[in-house]
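Visitor: Pasting in a structure now, in structure tokens, and then I'll have a few things to ask.
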Amino acid sequence: METQRLCIEALQRFNQVFYEREHPEYRHRLATWQQARRGTLPDALWENVDPRTLAAWAGLPYALLYLRWEALFPDEWFAYAKGWGTKQVLLSLFTRGSNDVPGSVVHQLIDLVVLAARREHRCEDVGYARLARVLDRPHLRARLAAVAEQPIEPARLRAGYLLWLLDHPDAPHPKKSQWLSWLSAQDSRPS
């Protein structure tokens, strides 16, 4: 909370000179605000990161923590750090950069995909379907298959859909309409 307060104050000071590029304090206030953002979640996650340099990005542990926080403590995350756009950008970044991260990060990403399959659907979760496709490994498939065999209906269906996506790499980019079509096909299958 303190870091967020300091970041807001730095932004307010910068905004006072925003239209005055020649103001003697302009560069200093901008730098102060940018530095405050680097130490504040979710602001620190809004850097433009080249997916090929993801493994070296200082924000990598925080990005993983941010997604894990949303997955495990959604009410707290919603109250203090909600940022659907941030979630969307991070999932896209991990999808594009998954081939360039260490195995330990891949395991954490697989954990996030499985957590998303097991819990209630949330905004921007389609990013996990896209991430699952680039993380397609026996370990991910085995964990999703275990969830797909559970009696908990929403989780079973979400895991089944992700497994279907992995089995059909030629299927279009995952989106809500694809999920709904797949779900409709499950309802019409004979038992």
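Derivation of every value follows stated rules applied to the coordinates shown; laboratory data play no part. Quantities reported herein were computed from a predicted structural model and do not represent experimental measurements. Positions of Cβ are backbone-derived with ideal geometry, glycine not excepted, and every protein chain shown enters the neighbour counts.
Visitor: Please arrange 114, 101 by counting, for each residue, the other beta carbons lying within 10 Å of its beta carbon, fewest first.
Guide: Lowest to highest Cβ neighbour count: 101, 114.
Visitor: Could I have the simple spin-label model distance between residue 152 and residue 15, label points 7 Å from Cα toward Cβ, reported in nm to one decimal?
Guide: Those two pseudo-labels are separated by 4.1 nm.
Visitor: Next up: About its Cα centre, how strong a charge dipole does the chain have in debye, to the nearest 20, once Lys and Arg get +1 and Asp and Glu get -1 at the Cβ?
Guide: With only Lys, Arg, Asp and Glu charged at Cβ, the dipole is about 200 debye.
Visitor: Given Cα pairs under 8 Å that are at least 6 residues apart, what percent is the relative contact order of the chain? Walk me through the intermediate numbers first.
Guide: On the way: 161 pairs, mean separation 28.3, N = 191.
Relative contact order of the chain: 15 percent.
Visitor: Going by how many other beta carbons lie within 10 Å of each one, how would you line up 84, 182, 33, fewest first? Intermediate values should be presented prior to the final figure.
Guide: Details: 84 11, 182 17, 33 21.
Final ranking by Cβ density, sparse to dense: 84, 182, 33.
Visitor: Now a separate question. From the list (i) 15.3, 40; (ii) 19.9, 74; (iii) 18.1, 57, can you say which value of Rg and Dmax of the Cα atoms in Å was derived from the structure given?
Guide: (ii)
Visitor: Test of understanding: given the chain, find the longest segment containing no GluC sites (Glu not before Pro) that are in a DSSP loop and have at most 11 other Cβ atoms within 10 Å.
Guide: Counting at most 11 other Cβ atoms within 10 Å as exposed, the longest clean stretch of the chain is 23-119.
Visitor: Considering only C-alpha atoms, what is the centroid distance from region 125-176 to region 62-107, in Å?
Guide: 18 Å
Visitor: If you don't mind, there's one more thing I want to ask. When a footprinting reagent is the concern and you count Cβ atoms within 10 Å, what order do 14, 78 take, fewest first? Each step should come with its number before you reach the end.
Guide: Working: 14 19, 78 12.
Sorted ascending by nearby Cβ count, the order is 78, 14.
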